[in-house]
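Taken together, the values in this text are just the output of simple stated rules run on the coordinates, not laboratory data. This structure is a prediction, so every number in the text was calculated from the model and none was measured. As a convention, Cβ positions derive from the backbone with ideal geometry for all residues, glycine included, and neighbour counts pool all protein chains shown.
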Amino acid sequence: MKKHVLVIAMSAILLASCGKKEEPVAAPAAPVAAAPAAPAAPAGPVLDDEKILNVYNWPDYITETLVADFEKEFGIKVNYDTFENNEALHAKLVAGNSGYDIVIPTAGFAKKQIDGGLYQPIDKTKLTNYANLDTDFMSKIAGVDPENKHLVPWAWGFTTVGINKQKVEKALGGMPMPENAWDLVFKPEYSSKLKSCGIAYLDSPSEILPVALHYVGKPPYSENPEDFKLAGEMLKKVRKDVRLFSSTMIDDIAGGKACAFVGWSGDINIAAGRVKETGGKDEIVPLLPTGGGLVFIDTMAIPKDAKHVNNAHAFIDFYLRAANGAAMANELNYPTGNKAALADIKDEVKNNKTIFLGAEDTARLIPTGGYSNDIAGTLNETYNAFKRGK
Ligand code: N2P
């Protein structure tokens, strides 16, 4: 009988230590008659020997204390860098040895990175908070990442047209606002008027071409070069009216460099808040175009050559805590896909229809998608020709 108890106790110890590379396996305790059935599980996740985590994210896309809170709780030093768009992240990943342990690609863009083997699978057994995620939301991501093997949601939003209301009204001089807000930046009738107060586009082919294709009545993620030609022709007509291609949109909007812009929903709201805080009179508004906004679901992924994979899982699990998901919406105006977070999101945020879209606007969104490598050349050429004004 005594022997039997010991075997159970020992296998429990072995089980508990299984997968914990860095901690020495506990020496089995001397057999005693009343040995506990199983020792208490060690607190906290398994971490890497080197207490470092290298994170690569978009600018202005993390809540104020998240990194410091994580560092404090886990004793891990986070090195945090930012990239400007999916294209820049992609180039880093393709070059290899990026040094990053967690990167935040947009799901649609990440498809070809997954197909190309650039990410390693997520070990969901290490994510104690995974059940906080909304299953409907996860099934959307599964469209590009089958079985949600590689991507864990960070936040989502949509690329849309935003305006400085007063400046746009003034520049339009009595001309009524178009029903489809994309007309403001894609139709010469409007853009030629808004030129005076400034039009800004996000500086990224994969942000501009899907909406341009959609605008000319083609599939947003078309693989047909002819469609790109058509979108390119449309863009060419408004090129002279575009003042800047921006990678610092919050500053550019708040600083008054543009009155009409193609930007990210949350960032436009952040700029609006900044203008208000500093006593500015102008209202900055993200519009909900009848012509659709381009949805983006940004996700955490672990590059295949990451060096701190355990730390990366600890960070992902930490981020999936309800409070951290709620803070993302409350502080940065981006919903997260964390269902458990909803209860802690402020009413003013939850009721803001430019953050949590209503059913009608949701139905109008251009759904998650991505381009294959085959069309990448055409995509970049079309964009660059537009930018150069060719
Ligand atoms: C940057 C957040 C937007 C990311 N502040 C767009 N994919």
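In table form, for the structure just shown:
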read-out	value
Answer residue from the stretch 234-291, given it is acidic (Asp, Glu) and farther than 16 Å from VAL168 by Cα and is farthest from the chain's Cα centre (by Cα) among those	GLU277
Test result for GLU189, touching a helix residue (DSSP H, G or I) at 6+ places or on another chain (Cβ under 9 Å), among the acidic types (Asp, Glu) and either crowded, with 20+ Cβ neighbours inside 10 Å or over 17 Å from ILE253 (Cβ atoms) (or both)	yes
Exclusive hit being within 12 Å of the ligand (Cβ to nearest atom) and within 16 Å of LEU184 (Cα to Cα), set GLY291, GLY263	GLY263
Test for MET249: is it of a type outside the set (Val, Ile, Thr) and within 16 Å of the ligand (Cβ to nearest atom)	yes
Considering residues of the stretch 236-283 that are in a helix (DSSP H, G or I) and basic (Lys, Arg) only, the residue nearest to LEU202 (Cα to Cα)	ARG239
Answer residue from the stretch 313-358, given it is in a helix (DSSP H, G or I) and aromatic (Phe, Trp, Tyr) and is farthest from the ligand (Cβ to nearest atom) among those	PHE318
Out of ASP344, ASP298, sole residue that is acidic (Asp, Glu) and crowded, with 18+ Cβ neighbours inside 10 Å	ASP298
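Let's see how each residue does on (1) in contact (Cβ under 8 Å) with a residue 60 or more places away in the chain; (2) surrounded by fewer than 16 Cβ atoms within 10 Å (Cβ to Cβ):
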site: SER196; (1), (2): no, yes
site: TYR201; (1), (2): yes, no
site: LEU213; (1), (2): no, no
site: LYS218; (1), (2): no, no
site: SER246; (1), (2): no, no
site: ILE250; (1), (2): yes, no
site: VAL275; (1), (2): no, no
